[in-house]
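The values are calculated or read from the model by the stated rules, or taken from the named source; none is laboratory data. Quantities reported herein were computed from a predicted structural model and do not represent experimental measurements. All Cβ positions, even for glycine, are placed from backbone atoms using ideal geometry, and neighbour counts span all protein chains on display. Ligands, DNA and RNA are excluded from the accessible area calculation, which covers all protein heavy atoms including side chains. Shrake-Rupley method; radii C 1.70, N 1.55, O 1.52, S 1.80 Å.
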Amino acid sequence: MTRWTDTAGQAGEALIARASARYRAADPFAVHFARFKLRNDPVFAIALAQGLIPDGARILDIGCGQGLLASWLLAARQCHADNWPPGWPPPPVPRSYLGIELTPADAERARAALAGPGPWPADIRQADARAAVAEVAAACDLVVLLDVLHYIDRPAQEALLRDALRCLAPRGRLLMRVGDASAGWRARYSRAVDRVVQWLRAGRTSPLTCRPADEWRALLRGMGMTLREVPLPRDAHGANVLMVGTLDSEPVHNAGTPAATSASAQRRGTVTAAGELEPL
């Protein structure tokens, strides 16, 4: 299997080194996990190489873990001037970053890595995304949901997506990776890996709720999104799908109960802190 670092060369290794070094302020596990994840999971490299993160974006990263995406973008800014992978566009410079993470240890690791003054405001909120996103009364340009939704049940998946899309500014973008439950043994293997990772990172496991990729596509299109898919390298199981959605108009609230839709509409008036995100 060819890794993205095989083509990015030393510039890719420099990116990994800079991003993972930020976790020395946290603990050794965080450093080693960052190195392993950034080297072996191509989604971070793909986001930069294919320009999936808009320049100047107000980013809402749901289920941000230890804040790898924010550390990756900071490392990209540092590396761009003198050691940048050939053929990649210039890295985006976000306007702000808000990460929401359920696991307290990971939220603390993210805060440690992002502590101190930076080129853009970065805020980590330790909370259950199902409640926290519903209370964000702020506009963002990019919602990130990487390997998150299968940890919650079907009604919660739809409610979280509705609330996340409510936060998007016009022409805002969704970057979402999900597993394809119709991928046979690869999907089963992926679920087994997820359970192991849950236990290693949080000391617990929870039920997984997976959907076929076609069902995810239909759900997002029903919420008013125009979708495209970004091919992923064929990894050990090949069950993941990376979707990029653009919100062309107001979200369509037809994927949940009338009560949930009404509650979501009422929350438009709620004012809460959200880093440098702007009020809706």
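Based on the Cβ-Cβ distance from residue 115 to residue 171, what FRET efficiency comes out when R0 is 25 Å, to the nearest 0.05?
After rounding, the FRET efficiency stands at 0.15.
Percent of accessible area on region 1-152 owned by carbon and sulfur, 1.4 Å probe?
After summing per-atom areas, the C and S share lands at 52 percent.
Note down the relative contact order for the chain as a percent, whole number, built from C-alpha pairs under 8 angstrom at least six residues apart.
19 percent
Using a 10 angstrom cutoff on alpha carbons, build the Gaussian network for the chain and name the most mobile of 114, 68, 227.
The residue that fluctuates most here is 227.
Given the -39500 (n - 2.57) contribution per DSSP H run of 4+ residues, what per-residue ellipticity at 222 nm results for the chain, rounded to the nearest 500 deg cm²/dmol?
About -12500 deg cm²/dmol.
Please report the antiparallel percentage of the DSSP beta bridges confined to the chain, to the nearest 5.
Once the DSSP bridges in the chain are tallied, antiparallel ones form about 40 percent.
Report the normalised scattering of region 1-123 as log10 I(q)/I(0) at q = 0.11, 0.15, 0.18, 0.22 Å⁻¹, calculated by the Debye formula with identical scatterers on the alpha carbons.
Reported log10 I(q)/I(0), two decimals: -0.33, -0.63, -0.92, -1.39.
What longest region of the chain stays clear of trypsin sites (Lys or Arg not before Pro) that DSSP places outside H, G, I, E and B and that have at most 15 other Cβ atoms within 10 Å?
Value returned for the longest uninterrupted segment is 4-203.
Roughly what % of Cα-Cα distances in the chain sit above 30 Å, to the whole percent?
It works out to 26 percent of all Cα pairs.
Keeping all protein chains in place, calculate the accessible area per residue for region 1-74 (probe 1.4 angstrom), answer in Å².
Per-residue accessible area for region 1-74 comes out at 39 Å².
Given Cα pairs under 8 Å that are at least 6 residues apart, what percent is the relative contact order of region 38-192?
It rounds to 24 percent for region 38-192.
How many nm is it between the label spots at residue 81 and residue 218, if each spot is 7 Å from the Cα in line with the beta carbon?
Taking the simple label geometry, residue 81 and residue 218 are separated by 5.3 nm.
Please get the size of the charge dipole for the chain, origin at its Cα centre, with Cβ charges of +1 on Lys and Arg and -1 on Asp and Glu, quoted in debye to the nearest 20.
Rounded to the nearest 20 debye, it is 360 debye.
Kindly state, to the nearest 0.05, the FRET efficiency for residue 93 paired with residue 127, given R0 = 45 Å and r defined as their beta-carbon distance.
Once rounded, the FRET efficiency stands at 0.95.
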